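Step one of this worksheet: look at the structure below.
Values in this text are rule-based calculations from the coordinates and carry no lab data. These numbers were taken from a predicted model, which means no experiment stands behind them. With ideal geometry, Cβ positions are generated from the backbone for all residues, glycine too; neighbour counts draw on all protein chains shown.
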Amino acid sequence: MVTKVRRTSARPLPLTNRQRRIQLLIKLPLFAVLHLLSWLGQARVRRLAAHPRTAQIVTWMIRKLLGRQRLYCEHNFEQILGERSLEERQRIERMFYQNMLGAVAEGISLPPASPDPKHIRSSGLQYLDDHPNGVIFVSCHLYGWEISRLNLFRMGIPVYSLYRDFSDRLLNHRSFNSTNRFGDPQFYIPTWDTKRMIRHIAEGDNAFLFVDVRTKRGRNGKLLNFCGKPAWTSTFAASMALTHNKPLIPVYILQDKNGDYHQWFEEPIDTSSGDPVVITQLINDSMSRQIMANPHCWALWDNNRWAP
């Protein structure tokens, strides 16, 4: 018997009628919960999520409903933040769930609750000057990453982004994995259509790429240090920068207690080595500094980022 290799980056197959019915049954209660959170508003949800009892309830729900993600979370906190005290890790976990609930409330809002530009402060803008061939922005999933991308459009810098569908096809729906909440959908490119992204980069367009997601070993996947532990990381961004002579500029965003955002751009990554592996490690080092400084703001603790 031949076993088919499961490729999450491949073009998704259409759902069967039975799967569509199951999807509908799953979506209805989820929509009810999400719209309840949306009705409460992001500020109220964040206050609710800040309560210690809420973190306990969310932890229990994740353990019961999403056991695998809960195990990933516990394992990653212990592995990466093991040198910190148990109390500190528990505090980070509570704040992580607080940010998660706030992001859910914001994400389901229709129309999207994107902040007014006056509530976004940007720094490091000098690094954006004099790049006529376009820029490849690299980042990690700090909560508010969509706001970071949206603000580039507001600044007159349109960017193309890759997005990956949820691995669970029954939840793979635009209502949950929305690509049109912020900006024009044509600037979102699915990972199974990477050739289109390469074409845009070659034509001088800007790209916004996340380098903190796990990549399977292969042509672009290399085992590199990430937050102090080896993790499979894609060298795609570095390879594109070298091939098409583009700068790699890290960009990050954080939200303060008042709901205002601070977006900042770092100095372009040094590409003088000409080695995509060395360059990708420099990107990892930049992302790791942000994640370790603000662990509660990174959204992928429930991901198998450090899986062998």
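When each of Trp145, Trp298 is scored by the number of other beta-carbon atoms lying within 10 Å, the sequence from fewest to most is Trp145, Trp298.
The amide H of His131, built 1.01 Å from its N in the peptide plane, has no neighbour under 5 Å, considering only residues 5 or more places off or on other chains. The stretch between Asn304 and Arg164, if pulled fully straight at 0.36 nm per residue, gains 48.9 nm over its current Cα-Cα span.
Among the listed pairs Lys229/Lys257; Lys195/Lys222; Lys195/Lys229, those with a Cα-Cα distance over 28 Å are Lys229/Lys257; Lys195/Lys229. Dipole size of segment 117-297 about its Cα centre, with +1 on Lys/Arg Cβ and -1 on Asp/Glu Cβ: approximately 660 debye, rounded to the nearest 20. Remark: segment 217-308 carries a charge dipole of roughly 420 debye about the Cα centre, counting +1 on each Lys and Arg Cβ and -1 on each Asp and Glu Cβ.
The simple Förster model, with R0 at 45 Å and r as the Cβ-Cβ distance, assigns Arg289 and Arg199 a FRET efficiency of 0.85.
With no solvent and one equal point scatterer placed on each C-alpha of segment 117-297, evaluate the Debye formula and give log10 I(q)/I(0) for q = 0.16, 0.17 Å⁻¹, two decimals. Each listed q corresponds, in turn, to -1.05, -1.20. Counted residue by residue at 0.36 nm each, then reduced by the alpha carbon distance between them, the extension gain from Asp116 to Asp129 reaches 2.3 nm.
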